[in-house]
Each structure stands twice: as C-alpha cells, then as structure tokens.
C-alpha cells in the first residue's frame, strides 16, 4: 500500500513540475479601439498599424468567387513570411476590421476562418513581418443575394 501512495505522490509531483509555456495575447480591441470602429479598410489599417505602405506580395487570401451564403464565407489566409501579426479586413460591412492574430515563434501562417459579408466586396489581409515590413494580399468576391446564388 505504501508503494501505491508513493507512486501517486511521485506522479503528482512530476505532473506539477511540467513547465507550461507562457502564452501572451494582446487585446487589440482595448489597445487599438480605432481599428474596430473604422468604416473603411484604410482607416482600420491606420488604426491598427499607423500610416503604412504594405508590399502587395507574399500573402494569399483564398475565398470563393461567389459566396452563396454571406453569413458564413470560408476564407483562408496563408503566407511564408515570418510574421508578428496577421489582420483581416473587408469593405462590405459597416466596420472594416474582422480579426487580428498574434503569431507565436514557429507558428505556421495558414488560417481558415469564416466571416460574414452583407454584400459583395474585397477581403484584405495585412501581415506584419518580423523584419518590420508589412505585406498585403486581397481577394474580391461576390455575395449572392438571399444566400442562394441568384
């Protein structure tokens, strides 16, 4: 019986000694509020990153040419750039900002999201590289009226 207690205590001690990596997340809604109330993509980008001129390469935005359901548009953002942050914007809804990701060391930039768009428009992704540069990709799509392609 003593051996079982020893094993239980040993297993508990080993489990508690495991070091969990520190995960940090920035609350961009609190730290960059102008981003989330901006009505144009340009104003939202300026609210998040300041006055930047992104390089129009290195970022791929994937989405259907015609989205039959504007309430759940599948979007993929992909890049090989060593990134600090990734932000997605759109120009069809009243507020332009959709989401901002912070990248961890060694993360692979290949995100799939679903977003809402009330009308046809352009989805824009901005990648903030660890090299201090900004990169841009975009995709224009149509949203079918009534969600039934016609």
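Descriptive notes on the structure:
- Out of 81, 108, one residue alone is over 16 Å from residue 137 (Cα atoms) and out of contact with any helix residue (DSSP H, G or I) (no Cβ under 8 Å at 6 or more places or on another chain). It is 108.
- As for the stretch 50-60, it holds no residue that is at negative phi, modelled with pLDDT under 95, surrounded by 13 or more Cβ atoms within 10 Å (Cβ to Cβ) and assigned to a loop (DSSP other than H, G, I, E, B).
- With respect to the conditions (1) in contact (Cβ under 8 Å) with a residue 60 or more places away in the chain; (2) in a strand (DSSP E or B); (3) in contact with a helix residue (DSSP H, G or I) (Cβ under 8 Å, 6 or more places away or on another chain), residue 89 lacks only one, and its number is (1).
- Those residues of the stretch 11-44 which are modelled with pLDDT of 60 or more, surrounded by 10 or more Cβ atoms within 10 Å (Cβ to Cβ), part of a helix (DSSP H, G or I) and out of contact with any helix residue (DSSP H, G or I) (no Cβ under 7 Å at 6 or more places or on another chain), in sequence order: 33, 37, 41, 42, 43
- When 137, 47, 118, 70 are screened for being touching a residue at least 12 places away in the same chain (Cβ under 8 Å), touching a strand residue (DSSP E or B) at 6+ places or on another chain (Cβ under 9 Å), surrounded by 16 or more Cβ atoms within 10 Å (Cβ to Cβ) and part of a loop (DSSP other than H, G, I, E, B), only 70 passes.
- Here is the figure for the stretch 88-103: residues that are surrounded by 19 or more Cβ atoms within 10 Å (Cβ to Cβ) and closer than 11 Å to residue 41 by Cβ total 7.
The values are calculated or read from the model by the stated rules, or taken from the named source; none is laboratory data. No experiment lies behind these values; they were computed from the predicted model shown. Quick reminder, even Gly has a Cβ in these numbers, built from the backbone with ideal geometry, and neighbours come from all protein chains shown.
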